[in-house]
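Asker: This structure is in structure tokens; I'll ask about it shortly.
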Amino acid sequence: QPSYDLQALRACFPILAREVNGKPLVYLDNAATSQKPAAVIQAMDDYYRKTNANIHRGLHTLSQEATDAHELAREKVQGFINAASSKEIIFTRGTTESINLVAQSWGRANLKAGDQVMLSMMEHHANIVPWQMLREQLGIELVIIPVLADGSLNMEAFFELLTPKVKFLAITQVSNALGTVTPLDEIIPVARALNIPVLVDGAQGVPHQSVDVQALDADFYVFSGHKMYGPTGIGVLYGKEALLEAMPPWQGGGDMIEQVSFEKTTYAQLPHKFEAGTPAIAAAIGLGAAVDWMQKIGADAIGAWENQLLAYATQQMKAELPGLRILGEASGKVGVISFVLEGAHAQDIGLLTDQLGVALRTGHHCAMPVLEHLGVTATARVSFAAYNTLEEVDVFVAALKRVREMLV
Ligand code: PMP
């Protein structure tokens, strides 16, 4: 059992009361996006009902209140990841936009043809494609740390590939396709000693454990609000202040300037330098509410319960479904089970389990390279959140057994 009252926690999520195809919803697609507690929905609703105005510009009361609420959300995020200053918290649309910002701003200013950016094989496409675009623009090279058969990072290869040509390292904290964890505590000090800045993709990290960016010592840490009980359309780029200070702005427009004339424009201070245009104000406030909610439950308490769900589901799947193959079984996995069932196409598994009310994900999980490396093109994936129960795991395993009877 979790350290919190699971039924009381479930009652915070209105959507969990609904049925799908006449069956109670069993939502196991949390790595794609989590559901939202009433506190988050309420915070956004309240904002639109009572406070809505554009921020940073107006002197009138609503604008002041909206600005304060937006900036309070930034401070909540700062506290949540223990950043040294709220200037280090840049609001973006999500992980994807945060990585594009770093690639285009830091990358263009600091990299040249022949320099190498190091990635791992298990990156989400969001941490591959922006660097490929930079490769086309600058002529940089990408070096890829391979993974072992159990889905863990090949650390021997990491050290071999780490030549003086490597000028930047961008790596995920947790693989969204497999749930395997990268040993950041081994990797970051090595990169630090070589003066290689490190970006950590925390999209699948931050929902499952407390994060301290100062202890982690990454230069950039990025994540999405919608995978940690917050709304879509908002995410975070954390960067060390000195790095962000030295970086040129990425997008230009209102809010990111100090003075504009047709001859010369000067830019605003951090964090506004990187926040051009009217931001997702309500979403930032919703993210602040999600931070409050997670802190109330405890990120580590959530992670501990998810680990129990993971262990129980793994054991039941193996016991009840002989021949089922789980991909990436390295120890210390977080939140995700990716699997293939001999004779059953992943898409058919997805369609048939949906008929039984079970929401899971099928396909390449935006991580084609790592699946190809492990010899598959698609898997079915279940992923857990704070509100999942052991009974839901049983419903899921029973659904898989039904699917197997029908298909195999
Ligand atoms: N990185 C990882 C590890 C992810 O799991 C995801 C979302 N699946 C992303 C990046 C992209 O996040 P978003 O679509 O919210 O920008």
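We did not get these values from a lab; they are worked out from the coordinates using the rules stated. Remember, it's a predicted structure, so these values are computed and weren't measured experimentally. Please note: Cβ atoms are built from the backbone with ideal geometry, for glycine as well, and neighbour counts cover all protein chains shown.
Asker: Over the alpha-carbon set of the stretch 249-408, work out the extent along each principal axis and list the three values in angstrom, largest first.
Answerer: On the principal axes, the stretch 249-408 reaches 71, 37, 32 Å in Cα extent.
Asker: Label His345 and Asn52 with points 7 Å out from Cα along Cα→Cβ: what is the distance between them in nm?
Answerer: 4.4 nm
Asker: Turning to a different aspect of this structure: Which aspartates and glutamates, if any, have their Cα less than 16 Å from the Cα of Lys76, not counting same-chain residues under 8 positions apart?
Answerer: Correct list for Lys76: Asp68, Glu88, Asp212, Asp292.
Asker: Can you classify the stretch 1-129 as rounded, prolate or oblate using the Cα gyration tensor, where a ≥ b ≥ c are the square roots of its eigenvalues, rounded means a/c under 1.5, and otherwise it's prolate if a/b beats b/c and oblate if not?
Answerer: oblate
Asker: Report the local net charge at Thr278: Lys and Arg +1, Asp and Glu -1, summed over other residues whose C-beta lies under 11 Å from its C-beta.
Answerer: Local charge sum for Thr278: -1.
Asker: Go through Lys87/Lys264; Lys112/Lys273; Lys227/Lys296; Lys167/Lys227; Lys165/Lys227; Lys36/Lys296 and tell me which ones have a Cα-Cα distance over 26 Å in this structure.
Answerer: On the way: Lys87/Lys264 24 Å; Lys112/Lys273 24 Å; Lys227/Lys296 17 Å; Lys167/Lys227 30 Å; Lys165/Lys227 35 Å; Lys36/Lys296 15 Å.
Beyond 26 Å between Cα atoms: Lys167/Lys227; Lys165/Lys227.
Asker: Something else now. Taking Cα centroids, how far is the stretch 114-141 from the stretch 1-45 in Å?
Answerer: 36 Å
Asker: Please list, in chain and number order, the residues 5+ apart from Ile257 or on another chain whose amide H is under 5 Å from its amide H, with Hs placed from the backbone.
Answerer: When sequence neighbours closer than 5 places are left aside, the close amide H contacts are Ala268.
Asker: Could you work out how far helix 390-407 tilts from the main Cα principal axis of the chain, as a 0 to 90 degree angle to the nearest 10?
Answerer: Relative to the chain, helix 390-407 is tipped by roughly 60 degrees.
Asker: Something else: Can I get the semi-axes of the chain's equivalent ellipsoid? Compute them from the C-alpha gyration tensor as square roots of 5 times the eigenvalues, in angstrom, largest first.
Answerer: Working from the Cα gyration tensor, I get semi-axes of 36, 28, 17 Å.
Asker: Hey, with R₀ at 56 Å, roughly what FRET efficiency would Ala11 and Glu160 work out to, going by the Cβ-Cβ distance, to 0.05?
Answerer: The formula returns an efficiency of 0.60 here.
Asker: Here's something else I'd like to know. Considering only DSSP beta bridges with both partners in the chain, what is the antiparallel share in %, to the nearest 5?
Answerer: Given both bridge residues lie in the chain, the antiparallel proportion sits at roughly 60 percent.
Asker: About the Cα centre of the chain, how large is the charge dipole given +1 on each Lys and Arg Cβ and -1 on each Asp and Glu Cβ? Please answer in debye to the nearest 20.
Answerer: 500 debye
Asker: What would the Debye equation give as log₁₀ I(q)/I(0) for the stretch 50-209 at q = 0.17, 0.18, 0.21 Å⁻¹, counting only Cα atoms as equal point scatterers?
Answerer: Debye intensities relative to I(0), on a log10 scale: -1.04, -1.13, -1.40.
Asker: Throw me the Rg/Rh for the stretch 294-335, computed over C-alpha atoms with Kirkwood Rh, two decimals.
Answerer: Taking Rh as the inverse mean 1/r over Cα pairs, Rg/Rh reads 1.09.
Asker: Order these peptides, 394-407, 82-95, by their mean beta-carbon neighbour count within 10 angstrom, highest first.
Answerer: On the way: 394-407: 17.1, 82-95: 20.9.
Going by the mean number of other Cβ atoms within 10 Å, highest first, we get 82-95, 394-407.
Asker: Rounded, prolate or oblate, given the Cα gyration tensor of the stretch 140-222, with a/c below 1.5 counting as rounded?
Answerer: In terms of gyration-tensor shape, oblate.
Asker: Now for a separate question. For a quick size check, give me the Cα extents of the stretch 312-388 along its three principal axes, largest first, whole Å.
Answerer: In descending order, the Cα extents are 30, 29, 25 Å.
Asker: OK, next. Quote to one decimal, in nm, the extra length available between Val408 and Gln132 on full extension: 0.36 nm per residue of separation minus the C-alpha distance between them.
Answerer: 95.3 nm
Asker: Out of Ala311, Val222, Ile281, whose Cα points farthest toward the positive end of the dipole of the chain (charges: +1 Lys, Arg; -1 Asp, Glu; placed on Cβ)?
Answerer: Going by the charge dipole, the pick is Ile281.
Asker: For the stretch 187-268, report the translational diffusion coefficient in µm²/s to the nearest whole number, using Stokes-Einstein at 20 °C, 1.002 mPa s, and a Kirkwood Rh over Cα pairs.
Answerer: 143 µm²/s
Asker: Treat every Asp and Glu Cβ in the stretch 196-299 as -1 and every Lys and Arg Cβ as +1, leave all other atoms uncharged, and give the resulting dipole magnitude about the Cα centre to the nearest 20 debye. Intermediate results must be reported in sequence, preceding the final value.
Answerer: Numbers: 5 positive and 11 negative charges, 55 e Å.
Dipole about the Cα centre, nearest 20: 260 debye.
Asker: What does the net charge come to around Ala367 if you take all other residues with beta carbon closer than 13 Å to its beta carbon, with K and R at +1 and D and E at -1?
Answerer: Residues near Ala367 contribute -1 overall.
Asker: Here's something else I'd like to know. Take the alpha-carbon positions of the stretch 249-326, form their convex hull, and give its projected area averaged over all directions (one quarter of the hull surface) in nm². Show your work: numbers first, answer last.
Answerer: Numbers: hull surface 37.1 nm².
Its Cα hull, projected and averaged over all orientations, spans 9.3 nm².
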